[in-house]
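Please find one structure pasted underneath; my questions will follow.
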Amino acid sequence: MEDRIRVTIAGGVADVRMVRADKMNALDAAMFAALVDTADKLGRERGLRAVVLSGEGRAFCAGLDMGRFAAMKETGGDGIGGAQKRDLSLRTHGLCNHSQQAVWGWRQLPVPVIAAVHGVAFGGGFQVALGADMRYVAPDTRMSIMEIKWGLVPDMAGTPILASLVRDDILRELTYTGRIFSAQEALSYGLATRVVDDPHAAAMETAREIAGKSPDAIRATKRMLNNLAVDPGPALLAESVEQMKLMGAPNQTEAVRANIEKRAPNFVD
């Protein structure tokens, strides 16, 4: 796990860093596992008061590893061994499957989580940021709900969270087009909490402030605020069901091939 995520805890604040900097912290199988396992372990950490989640290097997280897309081009599915046989609708972690838990696990932590976002947060990487309670974003950050580029839908617990943050028409436009948007746009949409020059430093400052408050009251507040949301179960299941229909289908495979081959796609009805 330490080759994907490094955790240091001081004063009740966990500084959690994705450390696959050479790949812009892209999501491979090991990174998915590290995100799930880290959230699980922190949930059992005595004395924890707050968490800051960030990425080392040039980016927060560039999204799904390009190796997975290259494998999709050749074999379809989701680009990992046995993908065509995997049932994404199976709930392996409460309301979630494993990929969704990489995001939803942070939402389930009993203490506040602040994502410190810089560089890019694309596709699955953007959804990881959504799992946090708050998002502090560098001014030059670029973000995207990018799954449509690859003929897919966002299926890492992003949709129920997005529905609670963003106006419906904005959510539809960003999801239908996959366009890249700026930090200031994210702030205006409700997707960024603050735009700051040094998001990690600002996030750590807020986390330390939270750590100085009553831990009972903070945890009670997070439980209360989480309960304000509409039941996420149907939305999480719908993500998985719709994604399974798309993965490996002709138009999804064509989307991947066209992007990798840098040409216009040729979709069929």
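How about the stretch 232-264: which of its residues are surrounded by fewer than 14 Cβ atoms within 10 Å (Cβ to Cβ) and farther than 18 Å from PRO154 by Cα?
The answer is PRO250, GLU261, LYS262, ARG263, ALA264.
Listed here are the residues, each with its yes/no results for (1) under 18 Å from the mean Cα position of the chain (by Cα); (2) assigned to a loop (DSSP other than H, G, I, E, B); (3) under 25 Å from MET244 (Cβ atoms); (4) modelled with pLDDT of 95 or more.
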residue: ALA34; (1), (2), (3), (4): yes, no, yes, yes
residue: THR38; (1), (2), (3), (4): yes, no, no, yes
residue: ARG58; (1), (2), (3), (4): yes, yes, no, yes
residue: ALA70; (1), (2), (3), (4): no, no, yes, no
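Same structure, new question: Could you please give the count of residues in the stretch 95-112 that are over 13 Å from the mean Cα position of the chain (by Cα) and of a type in the set (A, V, I, L, M, F, W, C)?
4
Inspect the stretch 239-256 for any residue being on the phi > 0 side of the Ramachandran plot and without any contact (Cβ under 8 Å) to a residue 24 or more places away in the chain and give the result as yes or no.
No, the conditions are met nowhere in the stretch 239-256.
While we're on this one: May I ask you to list the residues in the stretch 186-195 that are in contact (Cβ under 8 Å) with a residue 40 or more places away in the chain, under 15 Å from PHE126 (Cα atoms) and not small (Gly, Ala, Ser)?
Here is the first cut: in the stretch 186-195, the ones in contact (Cβ under 8 Å) with a residue 40 or more places away in the chain are 186-187, 191-195.
Narrowing further to those that are under 15 Å from PHE126 (Cα atoms): 186-187, 191-193.
Result: LEU187, LEU191, THR193.
So, MET247, is that one hydrophobic (A, V, I, L, M, F, W, C) and in contact with an Asp or Glu (Cβ under 7 Å, 6 or more places away or on another chain) or not? Full working, then the answer.
Working: hydrophobic (A, V, I, L, M, F, W, C): yes; in contact with an Asp or Glu (Cβ under 7 Å, 6 or more places away or on another chain): yes.
It is true that MET247 is hydrophobic (A, V, I, L, M, F, W, C) and in contact with an Asp or Glu (Cβ under 7 Å, 6 or more places away or on another chain).
Is the stretch 96-108 home to any residue that is over 23 Å from ARG20 (Cα atoms), in a strand (DSSP E or B) and modelled with pLDDT of 95 or more?
yes
The values are calculated or read from the model by the stated rules, or taken from the named source; none is laboratory data. Note that the coordinates shown come from a computational prediction; the quantities given were computed from them, not determined experimentally. Positions of Cβ are generated from backbone atoms using ideal geometry, with glycine treated the same way; all protein chains shown enter the neighbour counts.
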